[in-house]
1. Can you tell me which residue is nearest to LEU23 (Cα to Cα) among those in segment 235-264 that are in contact with a Leu (Cβ under 9 Å, 6 or more places away or on another chain) and not in a helix (DSSP H, G or I)?
2. Would you pick out the residues in segment 44-88 that are closer than 14 Å to ARG103 by Cβ and either free of Cβ contacts under 8 Å to residues at least 12 places away in the same chain or touching a helix residue (DSSP H, G or I) at 6+ places or on another chain (Cβ under 8 Å) (or both)?
3. How do the helices (runs of 4 or more DSSP H) wholly within segment 133-234 filter down when requiring 2 or more residues that are of a type in the set (D, E, K, R) and surrounded by fewer than 21 Cβ atoms within 10 Å (Cβ to Cβ): which remain?
4. Against the definition (crowded, with 24+ Cβ neighbours inside 10 Å, more than 24 Å from MET148 (Cβ to Cβ) and hydroxyl-bearing (Ser, Thr, Tyr)), how does THR47 come out, yes or no?
5. Looking at (1) hydroxyl-bearing (Ser, Thr, Tyr); (2) more than 27 Å from MET1 (Cβ to Cβ); (3) surrounded by 16 or more Cβ atoms within 10 Å (Cβ to Cβ), which is the only condition TYR95 fails?
6. Look at ALA35 and say whether it is modelled with pLDDT of 95 or more and more than 17 Å from VAL86 (Cα to Cα).
7. Checking the structure you have, find out if any residue of segment 18-31 is aromatic (Phe, Trp, Tyr), closer than 16 Å to ALA97 by Cβ, buried (at least 21 other Cβ atoms within 10 Å of the Cβ) and out of contact with any Cys (no Cβ under 7 Å at 6 or more places or on another chain).
8. Taking the conditions exactly as written (surrounded by 24 or more Cβ atoms within 10 Å (Cβ to Cβ) and farther than 12 Å from ILE8 by Cβ), does LEU38 satisfy them or not?
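The values are calculated or read from the model by the stated rules, or taken from the named source; none is laboratory data. Bear in mind the structure is a predicted one, so any value in this text is a computation, not a measurement. Here the Cβ positions follow ideal geometry from the backbone for every residue, glycine too, while neighbour counts run over all protein chains shown.
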Amino acid sequence: MTVLAAGIAMGCDDVGSGLPVVLLHGFPHHRALWASQLNGLAAPVRTIAPDLRGFGESESSGPTSMDRYADDIAALCDQLGLDKIVLGGLSMGGYIAFAFWRRHRARVRALVLCDTRAGADSEAGRATRDELIALAERDGSAAVADRMLPGMLGRTTREKHPDLVESMREMMVRAPVAGVTAALAALRDRPDSTPTLSTIDVPTLIICGDEDVLTPVAESRAMHHAISGSHLELLAGAGHVSNVERPAAFNHVLSEFLTQLTSE
């Protein structure tokens, strides 16, 4: 479905009833990244997966930032009648979750941080974002997808599941160039969220594929140590999109976390 929020039309899937769980995709994905979670969670939850501004069925409107993405999600929650939510984000979705916590923390029941990191880009990382912006403007989203794809999935997936590699490429290729370039600039310019970690005082689940090379396990361990009471789960044989590569294992871990929340 499409929802008008924050002045734009936003594509969104909304499945089930119960505790609201909002899942934010990474870059350069769209909401279908969460297809295995929408109907696969063994917990009494309402699962919402939006397309971020500039991706999927959501409109794009000029430059953006992690704060703007976060405010978009707050506006979507208003439109859907959601007060407190469990907010989950993978990779860039995790960066947005940190921004949402800083700007709308009263609305957060719990956090799920998947294959993400707290730190800002290094100078080398910022230069790479600029290279990808130029590549997208010159050669389109397919060129960006081909550059990023080797790091997007784990070694096990690349060797044993070529179908997943191809489906991930297809998703990335479909990303609109305007959304890709705006997101890359937002990723490049995002603040360091490391100081935010010590302020998080809600139940927090951290999930990471043990073959993730884009946001390695060490990044998840650092977040786990900095967020008091957080729980860390490593998924064997998964890379950067662990929810796609090991969906059954991911859903089991997330369902246990959500079931505990609903029983409190």
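1. VAL241
2. SER65, MET66, ASP67, ARG68, TYR69, ALA70, ASP71, ILE73, ALA74, CYS77, ILE85, LEU87, listed by residue number.
3. It comes to 141-152, 155-160, 162-173, 177-189, 217-226.
4. yes
5. (2)
6. So ALA35 fits the description; yes.
7. Within segment 18-31, one or more residues are aromatic (Phe, Trp, Tyr), closer than 16 Å to ALA97 by Cβ, buried (at least 21 other Cβ atoms within 10 Å of the Cβ) and out of contact with any Cys (no Cβ under 7 Å at 6 or more places or on another chain).
8. In short, no.
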